[in-house]
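Peer 1: Sharing a structure with you now.
The values are calculated or read from the model by the stated rules, or taken from the named source; none is laboratory data. Predicted model, so just to flag it, every value in this text is computed and none were measured. FYI the Cβ positions are ideal-geometry reconstructions off the backbone, even for glycines, and counts take in every protein chain you see. For the accessible areas, the whole protein counts, side chains as well, though only heavy atoms, and no ligand, DNA or RNA atoms are used. Shrake-Rupley method; radii C 1.70, N 1.55, O 1.52, S 1.80 Å.
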Amino acid sequence: METGFLHPSRRPYRFAVLLFAAAMIFGSYFAYDSLGAIENLLMAEMGIGRNAVGATYTMYSLAAIPAVLAGGFLIDRLGTRRASLIFSALVVIGAVLVALAPNLGTIYAGRLIFGMGSESLIVCQSAILARWFSGKELALAFGIALTVSRLGTLFSFNTEALVAERFGIAGALWLAAGLCGLSLLSNLVYNLLDRRAERVLDLTETGSGDRIVVSDIARFPPSFWFVTLLCLTFYSAIFPFTALSTDFFHDKWGLPLTAADEGAGFLTQVLSNYLHLFSTAPGTTSIVILASMLCAPFAGRLVDRIGRRASLMVAGAVLMVVAHLTLGLTHLPPAAPMGVLGAAFVLVPASMWPSVPLLVDKQRVGTAFGLMTAIQNVGLMAFPWLNGQLRDLTHGYAASQELFASLGTVGLACALLLLRADRRAGGRLERA
């Protein structure tokens with residue numbers, strides 16, 4: 001029997017699987033925000049409003065809701081290898097349609113297909129990590145996968161505008177489609193590694209983990225619903241905001257879309273964008289993402305060590321309200337409130353998602369996660385479009401920021417209700 005360095009039972013093999021499983025999501029995260037990163041150029045070239053750009057995110061989430069509900073069943077039926085390839089193919093097809101789009105209708109169609117594949121691929125990735133890692137390594141694996149995914153978003157916000165200026169909007173969108181294609185290739189490599197390991201090891205198919213069993217829903221305690229409503233309001237105040245915030249920072253504070261000198265070479269311009277991250281509109285947008293990339297693993301470890309999950313959710317909700325009101329009602333430099341919003345984006349998810357297994361029975365955890373993800377996408381479907389409508393109708397940004405602060409206030413109320421309910425139930429969420 002083969003027992004060398006590259007044997008599937010060895011740690012290097014497992015982390016090679018992790019690398020390619022993480023990379024299969026990179027392209028979809030890049031493409032998800034590619035339209036928001038070039039929204040000014042897109043609006044000017046196609047003669048559309050901000051509500052139309054926001055609607056492209058709505059189309060994504062509109063497709064994601066049924067995809068999340070059905071994706072778990074497909075993964076369980078076909079296995080992670082075949083299901084992940086189907087989802088990756090949908091991501092590529094959707095991204096190519098957007099790049100080819102002669103009109104807004106085709107962009108919407110591409111985003112629908114893209115959303116069907118992307119959200120299901122994320123669910124599939126979770127199943128892959130559960131198949132290959134366990135115990136303390138599982139948390140590490142999820143942290144590495146999240147960092148790679150968020151790199152896609154960071155690169156999108158800080159590269160796409162530059163690419164669009166140099167090669168046109170079509171060039172920027174084809175870059176997004178090309179990276180989705182590279183992620184599909186990563187998926188193929190994962191398939192080869194997983195197939196080889198299955199012949200050598202006794203690997204079990206874990207299942208999606210997010211499959212919804214309707215009969216379980218009525219048995220969830222009120223605390224679960226407080227967490228779910230917090231999830232809905234919190235993410236609805238983050239992603240719809242960042243989707244259109246490049247235009248916000250460009251118009252209100254006059255931040256440039258790129259930091260580079262026109263005469264410099266393309267790679268020099270790209271490097272300059274990252275060196276001057278906080279002085280450009282897309283770079284300021286990506287502060288939230290950068291914070292989650294760098295701090296999420298440490299925040300997760302903090303939660304494991306001290307507990308205080310409900311209290312940290314309260315703190316994160318407060319920070320989000322403060323950040324949105326500061327951005328909307330003042331002219332203070334935006335980097336500081338965006339850093340505050342980034343802190344909220346670290347604290348709330350790090351304490352919210354691990355709370356779910358503590359609130360519901362073990363056999364209902366999959367239903368709970370699947371339901372939360374579906375409800376989360378309801379908010380991500382509605383609020384990008386509504387944000388765009390408010391900006392077009394008011395010709396300003398205060399109303400949008402008040403909307404997001406209001407969502408944060410509702411989330412804060414849910415977090416406070418959760419804290420009270422947990423104390424009455426013995427304080428399980430607050431214990432380490």
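Peer 1: Would you work out the relative contact order for the chain, in percent, from Cα pairs under 8 angstrom that are 6 or more residues apart? Numbers along the way, then the final one.
Peer 2: Details: 738 pairs, mean separation 108.5, N = 432.
Relative contact order of the chain: 25 percent.
Peer 1: Quick one, which of [x] 158; [y] 137; [z] 149 is the actual volume of the Cα convex hull per residue in Å³ calculated for this model?
Peer 2: Entry [y].
Peer 1: So if we plug the beta-carbon distance of Phe266 and Asn103 into 1/(1 + (r/R0)^6) with R0 = 25 Å, what FRET efficiency do we get, rounded to 0.05?
Peer 2: Values: r = 29 Å, r/R0 = 1.17.
Using R0 = 25 Å, I get an efficiency of 0.30.
Peer 1: Just to confirm my numbers, what's the Cα centroid distance between region 301-322 and region 26-53 in Å?
Peer 2: The distance from the Cα centre of region 301-322 to that of region 26-53 comes to 33 Å.
Peer 1: Now for a separate question. Would you compute, from DSSP H runs of 4+ residues alone, the mean residue ellipticity of the chain at 222 nm, taking -39500 (n - 2.57) per run and dividing by the full residue count, rounded to the nearest 500? If you can, show how the numbers build up before the last one.
Peer 2: Numbers: 19 runs with 345 residues, N = 432.
When only DSSP H runs of four or more count, the value is -27000 deg cm²/dmol.
Peer 1: OK, next. Using a Gaussian network model of the chain with C-alpha springs under 10 Å, which one of Phe224, Phe266, Phe73 is most mobile by mean-square fluctuation?
Peer 2: Ranking Phe224, Phe266, Phe73 by mean-square fluctuation puts Phe266 first.
Peer 1: Cα centroid distance between region 68-101 and region 159-189, in Å?
Peer 2: Computed from Cα coordinates, the inter-centre distance equals 18 Å.
Peer 1: Would you mind computing Rg(Cα) / (2.2 N^0.38 Å) for region 350-432, counting N as its residues? Display every interim value, and only then the final one.
Peer 2: Numbers: Rg = 16.8 Å, N = 83, 2.2 N^0.38 = 11.8 Å.
Rounded to two decimals, the normalised Rg is 1.42.
Peer 1: Give the accessible area for His250 in Å² (nearest 10); use a 1.4 Å probe, count only protein heavy atoms, and leave out ligands, DNA and RNA.
Peer 2: His250 exposes around 60 Å² with every protein chain in place.
Peer 1: Going by average Cβ density within 10 Å per residue, which order do the peptides 151-162, 383-394 take, highest to lowest? Provide the component values of the computation, followed by the final result.
Peer 2: Numbers: 151-162: 24.9, 383-394: 20.8.
Averaged packing, sorted descending, gives the order 151-162, 383-394.
Peer 1: At 1.4 Å probe radius, can you tell me the per residue accessible area of the chain in Å²? Walk me through the numbers before you get to the answer.
Peer 2: On the way: 17340 Å² over 432 residues.
That works out to 40 Å² per residue.
Peer 1: To two decimal places, what compactness ratio does region 233-297 give when its Cα radius of gyration is scaled by 2.2 N^0.38 Å?
Peer 2: Values: Rg = 13.3 Å, N = 65, 2.2 N^0.38 = 10.7 Å.
That ratio works out to 1.24.
Peer 1: Now for a different question. What is the calculated FRET efficiency for Leu275 to Ala89, with r their C-beta to C-beta distance and R₀ = 35 Å, to the nearest 0.05? Please list the in-between numbers first.
Peer 2: On the way: r = 37 Å, r/R0 = 1.06.
In this case the efficiency is close to 0.40.
Peer 1: Using a 1.4 angstrom probe on the protein heavy atoms only, could you order Thr268, Thr233 from most to least accessible area?
Peer 2: Working: Thr268 80, Thr233 10 Å².
Sorted by accessible area, descending: Thr268, Thr233.
Peer 1: What's the carbon and sulfur percent of the chain's accessible surface, probe 1.4 angstrom, rounded to a whole number? All intermediate terms of the calculation are to be shown ahead of the outcome.
Peer 2: Working: 11590 of 17340 Å².
Solvent-exposed carbon and sulfur of the chain make up 67 percent of the total.
Peer 1: Now a separate question. If a helix is a whole DSSP H run, which ones in the chain reach 20 Å or further along their own axis (Cα) and hold a mean Kyte-Doolittle hydropathy of at least 0.5?
Peer 2: Working: long enough: 11-32 (32 Å, 1.03); 50-78 (40 Å, 0.84); 80-100 (30 Å, 1.87); 104-132 (41 Å, 0.93); 136-200 (50 Å, 0.77); 222-236 (21 Å, 1.31); 287-306 (26 Å, 1.53); 309-329 (30 Å, 1.75); 335-352 (25 Å, 1.72); 365-394 (43 Å, 0.62); 398-424 (39 Å, 0.73).
In the chain, the long hydrophobic H runs are 11-32, 50-78, 80-100, 104-132, 136-200, 222-236, 287-306, 309-329, 335-352, 365-394, 398-424.
Peer 1: So, one more: Measure of size requested: the Rg and Dmax of region 74-193, with Cα atoms as the atom set and Å as the unit; please supply both.
Peer 2: 15.7, 49
Peer 1: State, to one decimal in nm, how far the label point of Phe15 lies from the label point of Arg219, with both points 7 Å from Cα in the Cβ direction.
Peer 2: 4.0 nm
Peer 1: Next up: Any idea what diffusion coefficient region 20-78 gets from Stokes-Einstein, in µm²/s, Kirkwood Rh on alpha carbon pairs, 37 °C, 0.692 mPa s? Don't jump to the answer; show the numbers that get you there.
Peer 2: On the way: Rh = 13.6 Å.
It comes out at roughly 242 µm²/s.
Peer 1: In the chain, if the dipole is taken from +1 on Lys/Arg beta carbons and -1 on Asp/Glu beta carbons about the Cα centre, which of His395, Leu371, Gly411 is farthest to the positive end?
Peer 2: Of the options given, the answer is Leu371.
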